[in-house]
Each structure stands twice: as structure tokens, then as C-alpha cells.
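Before I ask anything, let me first share the structure, which is written out below as C-alpha cells.
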């Protein structure tokens, strides 16, 4: 999977499941603010990404990811691992 | 206006309600059924009282975990009956017998002795492993209140993320011995890939401390808590099915019961029913509960259910045993019960004796429990109690006969001495308790997905909280711990 494909797929599922406009997802945007996440719904995001990409994300890892760019890199690394 | 409106009068709802009412809050507990109690319900047939979901508890001796919690709930003076110290549980595999003793060193010593007397050699490594295992259980029990007492964050979540089976493999090493120490764990769903070490350790730890039956049935716990709530000025209302949470400006304002017959207003709302059912009660339009959360909860798997045979025995023929009996076909089968077992005879059984109320040496009631899977019941999913048809009755008869046959192999006095018996399936359980798929232990916790399967009590609606066996821990101690976690940590700002 190329980075472009991964970005498109990630944005598509996040926009759909968190009910936000896809245009509002900017690479350097803050994930929590954009998707209006609290400590509960972060788990929903982790579950969604794990399920979509077949990767495993630890709680300690997710707390370090702030922007969408960082999230794409993180997923890409996991997918290619 | 109530301070707390609680949905579901099972153990969790009543315990939480009792604690809050005792503190001076106005509490209302709503139950859809005509009777309170949930899994604690008993039923009476021809003068005989039978338990349903309740059989025995662990850790009730002075200073032990359940004792500490039940003291606060004023439940210690019920007629508890301690099971035999040197054999509170018996595990039977083929013609081999193993006994579980109270006390962690006693437990380990007895298991090793029995292992040898059943003709097996034990390596030094495995013998040490059994002691190591016992000490580990002891430590888990010693630290059980860390979560409640705000101790520097305990390693509870780490243990939720570790597989129990792998821990046993690494510690005890011998597969047959792993079967033995797991042989009484029909109080949980043994699933090698997913069962968290914490769930396994916390339950086994409490019973090894001490094990107790309740003379006169589990319903006394529910009745006592409900009486207490009423004596503190609260209400426990039956035949009150919550049909909707009324959300306004981001908070729940009221609960609608029986399709709008009545609305009950409150400040804080607690749901002790299955989380999926809780979320179904929050209208979707304009709700603070997102669809992604609803979907995630709806997709969580549930543990298996139980087929139960409640037998009424002739007077003075079947000796009372002050221990439970677990029967397994093979050592390997013990950790395979979570997978559908098409052959009924390959399923494990638990046998529970009712304490004689007249001080007699003989029991009048024995219950047999056996895993039963939702997939084998889906064709009757749409039916109601007493109206499921002949095929269902035939299936239950077949299951009951096989259970009784297997039990009689170990309790010969049963032969010809069963006056009558009653059966129930996970469907019965679903209809009386609201447990989704009639699940015995609620949502399946998965050590690989601990963040997603061990649920938080708060929701995205600030005055809606959840509790009950589906959240964190199941069983009497587990549910009580879960209720206390909410009681101690719920940040109920409006009160």
C-alpha cells in the first residue's frame, strides 16, 4: 500500500465513522480536535484502525500520536512491518 | 427528582443503589421483570427452592476481599456456609480425582500430592511452578483493592493484557497439571487465545482463600439490598421496563418506562444492563453517543451460556457434600469448552449441592451446569418462556438425560432417587435476566484487545454511567468490585 492510498483510506473511514467532513482532515491537523475525541472515543479510533488495517496498536503508542501526518506514518510503519 | 436512577435490579444495580442510598442519596432502581435479582433469582416448584445463576462465592472470611465489600453492604450476617477447608472443590477427569484446598500453600501441596497419587510423575520445575502459580494468585488477591484505593496505578491493566493460558504454560509447563489447576474454572470462560490473566487469577484467588455457599439461596442477597434501599428512603420498582433515556441539551433528563407510561426524573443515571441494550435506549437523533461507539459495543462477543438441570431428590438418600464437583472428559477438554462442542458428552459439568436447611446429612437438591452455545439455540431465538415448542422440549430432555447420566456415574445415589427435575437454557436466562445471548459471564474480555473489551463506566453523556458484569469483572466478587469502582470513583458533580 502506498502512502497516498493509505492516507485516502484513513481519511475516508475517519470522516465516515466520526461524522466529520473529509476536507476538515488536514495532514498537520490535531486529531483530537478535528474528530472531537475524548478518552473514550480514542478507543473507538484505535479499534477502527486496527480493524481496517489489521494492525495492533498499544495504548502507550496512541498517546504519542497528535497529528494526522503522524498517524499515517505510524500506520504505514505497522502495515509494512 | 431522584439523585440516582438505576436501570436493572441485578446484583450490580442493587449494590450501587444500596451504597448511594446509605450515603443519603435518593435512589430509584427500576426492574423490567416482575422480580428483582437478575442472576441471583431463585424459583420455587412444588415447595422446593432452586438457585439459578448463584452457586458459591470466594473470599468471605475475615479480612478477605469479599468480606471487606460485603461488610459495607451489610450482607455478612446472611446464613453463609463455609465449604470444606481441605476440599472445597473436586475435579474429576476420567477416574482421577483432585481436591482444591484453602490457603495458597495448602492448595499447591494438595494438588501436587493428588497428582502423584493419581499415578503421575511431576518434574521439580512443574512442582515449583504450582507454588509459583499459587503465590501469584495470592499477590493478585492482596492487591485487589489498589484500583479502589487510588494506590499508584496497579498493574491490573497489564494483567488484563496478558493471556492466562500462556502464563500457565510458562509457569506450570505440564499440560495435564494446567488442566488440573484450571479444572474448577467453569466460573469463567476458558479460552486460550483471549482470556485475560487478571480475570482468571482474581476469581481463582478468591476461592482459594475461602469458599462459601448461601443456605436458602442467592435471592436473599437481592432481597436484603432492596430492603436496605427502601429503608433509606429509596425505591425499587418492578415491572418497570426502561424503554427510553430522554436526552436534552447533552444530558439525560429522565427515563421513560413501559413505553411512555411514566417518566422518572433524576440527576445521575446508571445502567447495569448489557451496554448494547443501554445504548439502544438512547435515541440516535442528535445524541452524544456516536454511531462508531454503538457499533463497537454491538460487535463485542459474549461468553457462552449454561444449560442447567435442577433436581429434586428423595429425602434422606443422597449424602450432602460440602464441596462442588467438576467433571471433565479429558485434561485437554478443559480449555476447549469455549469452542462449540457438538458432542454433548464431551462437555464439562459442574455439580452444586444445596445446603440442607434442616441440618440433615442429606441434600434434597443438586444442580448440574453445562456449557451451552448460542448457535445451538438461534432457531428458538424469537420464542418466549413456556412457548418454544416440542422440538425445544425434546432437545432439553436429551441434554438433561446426558447430564444426569454423567453425574450419576460419580454420584450413584442419584439413580432412581430423582423425584423431579427442571431445566433451563441460555434462552431462559436471556428472558429472565436480559443477558444478551443468555451469556453466563457477559461480554468476552480479550487480552489482545483489553482497551476495547474492558469497558469504562462513563459514557459520552456526562450523567450516564454503566456498571454490571459486562464492564470489568464478572461473578459475585467481580460485579461487586465493579459496582464499588463506580461508587468510589464516579465523579458525580451534580450531587
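Every number in this text was worked out from the coordinates using simple rules, so none of it is lab data. Just so it is clear, the model here is predicted, and its values are computed rather than measured. Note that we place each Cβ from the backbone using ideal geometry, even for glycine, and neighbour counts take in every protein chain shown.
Take every residue in peptide A:36-49, count the Cβ atoms of other chains within 10 Å of its Cβ, and give the average of those counts. Write down the numbers at each step before the final one.
On the way: counts 2, 0, 2, 2, 7, 5, 1, 7, 10, 1, 3, 8, 3, 0.
Mean number of neighbouring Cβ atoms from other chains: 4.
Order these by the 10 Å Cβ neighbour count, fewest first: B:345, B:210, B:272. Numbers along the way, then the final one.
Numbers: B:345 10, B:210 22, B:272 31.
Fewest to most other Cβ atoms nearby, the residues stand as B:345, B:210, B:272.
Still on this structure, I have one more. Kirkwood Rh over Cα pairs of region A:3-80 into Stokes-Einstein at 10 °C, 1.306 mPa s: D in µm²/s? Mind dumping the intermediate values first?
Values: Rh = 12.4 Å.
After rounding, the answer is 128 µm²/s.
Across peptide B:443-453, what mean number of C-beta atoms from other chains lies inside 10 Å of a residue's C-beta?
Numbers: counts 0, 0, 0, 0, 0, 2, 5, 1, 9, 6, 0.
Per residue, the number of nearby Cβ atoms from other chains is 2 on average.
How far is helix B:475-489 tilted off the main Cα axis of chain B, in degrees rounded to 10, range 0 to 90?
Tilt of helix B:475-489: around 30 degrees.
Okay, next question. If you take every DSSP beta bridge fully contained in the protein assembly as shown, what fraction is antiparallel? Give it as a percent rounded to 5.
Numbers: 50 of 70 bridges.
If I count the DSSP bridges inside the protein assembly as shown, around 70 percent turn out antiparallel.
From the alpha carbon gyration tensor of region B:16-95, can you work out the equivalent ellipsoid semi-axes (sqrt of 5 times each eigenvalue) and give them in Å, largest to smallest?
Values: eigenvalues 168, 94, 24 Å².
In descending order, the three semi-axes are 29, 22, 11 Å.
Per-residue counts of other Cβ atoms within 10 Å, averaged by peptide: what ranking do you get for A:36-44, B:165-173, B:199-207, B:212-220, highest first? Walk me through the numbers on the way to the answer.
On the way: A:36-44: 15.6, B:165-173: 17.6, B:199-207: 25.2, B:212-220: 20.8.
Highest-to-lowest ranking by the protection proxy: B:199-207, B:212-220, B:165-173, A:36-44.
Still on this structure, please answer the following. If you average the alpha carbon positions of region B:262-280 and of region B:435-495, how far apart do those two centres end up, in angstrom?
Region B:262-280 and region B:435-495 have Cα centres spaced 14 Å from each other.
Next up: Please give the helix B:197-209 orientation as an angle from the longest Cα principal axis of chain B, in degrees from 0 to 90, rounded to the nearest 10.
So the inclination is approximately 70 degrees.
Provide B:307, B:160, B:492 in ascending order of the number of other Cβ atoms located within 10 Å of each residue's Cβ, fewest first.
On the way: B:307 28, B:160 20, B:492 17.
Result, fewest neighbours first: B:492, B:160, B:307.
Considering Cα pairs under 8 angstrom that are at least six residues apart, work out the relative contact order of region B:64-123 and quote it in whole percent.
Values: 48 pairs, mean separation 11.8, N = 60.
Taking the mean separation of contacting Cα pairs over the length of region B:64-123, I get 20 percent.
To continue, here is another question. How far is helix B:124-142 tilted, in degrees, relative to the longest principal axis of the Cα atoms in chain B, given as a value from 0 to 90 rounded to the nearest 10?
So the helix axis and the longest Cα principal axis differ by about 30 degrees.
While we're here: In percent, what relative contact order does chain B have, based on Cα pairs under 8 Å that are 6 or more apart in sequence? It would help to have the intermediate numbers written out before the result.
Details: 1005 pairs, mean separation 108.6, N = 495.
Once divided by the residue count of chain B, the mean separation gives 22 percent.
As a test of understanding, state the convex hull volume per residue of chain B from its alpha carbons, in Å³.
Numbers: hull volume 71.4 nm³, N = 495.
For chain B, the hull spanned by Cα atoms encloses 144 Å³ per residue.
A further question follows. What value does region B:397-495 have for Rg/Rh, both radii from Cα atoms and Rh as Kirkwood defines it? All intermediate terms of the calculation are to be shown ahead of the outcome.
Details: Rg = 19.8 Å, Rh = 16.9 Å.
Result for region B:397-495 is an Rg/Rh of 1.17.
Suppose a student asked you for the relative contact order of region A:3-80, using Cα pairs under 8 Å spaced at least 6 residues apart; what percent would you report?
Once normalised by length, the contact order is 37 percent.
Okay, moving on. List B:284, A:78 from most exposed to least, where exposure is judged by having the fewest other Cβ atoms within 10 Å. Show your work: numbers first, answer last.
On the way: B:284 10, A:78 16.
Arranged by neighbour count, lowest to highest, B:284, A:78 become B:284, A:78.
Among B:106-115, B:240-249, A:2-11, what's the highest-first ranking by average C-beta atoms within 10 angstrom per residue? Could the numbers behind the result be given before it?
On the way: B:106-115: 19.8, B:240-249: 16.7, A:2-11: 13.9.
The densest-packed peptide leads the list: B:106-115, B:240-249, A:2-11.
Helix-only estimate, please: 222 nm mean residue ellipticity of the protein assembly as shown, summing -39500 (n - 2.57) across DSSP H runs of length 4 or more and dividing by its residues, to the nearest 500. Walk me through the numbers on the way to the answer.
Values: 20 runs with 213 residues, N = 576.
Mean residue ellipticity at 222 nm (helix-derived): -11000 deg cm²/dmol.
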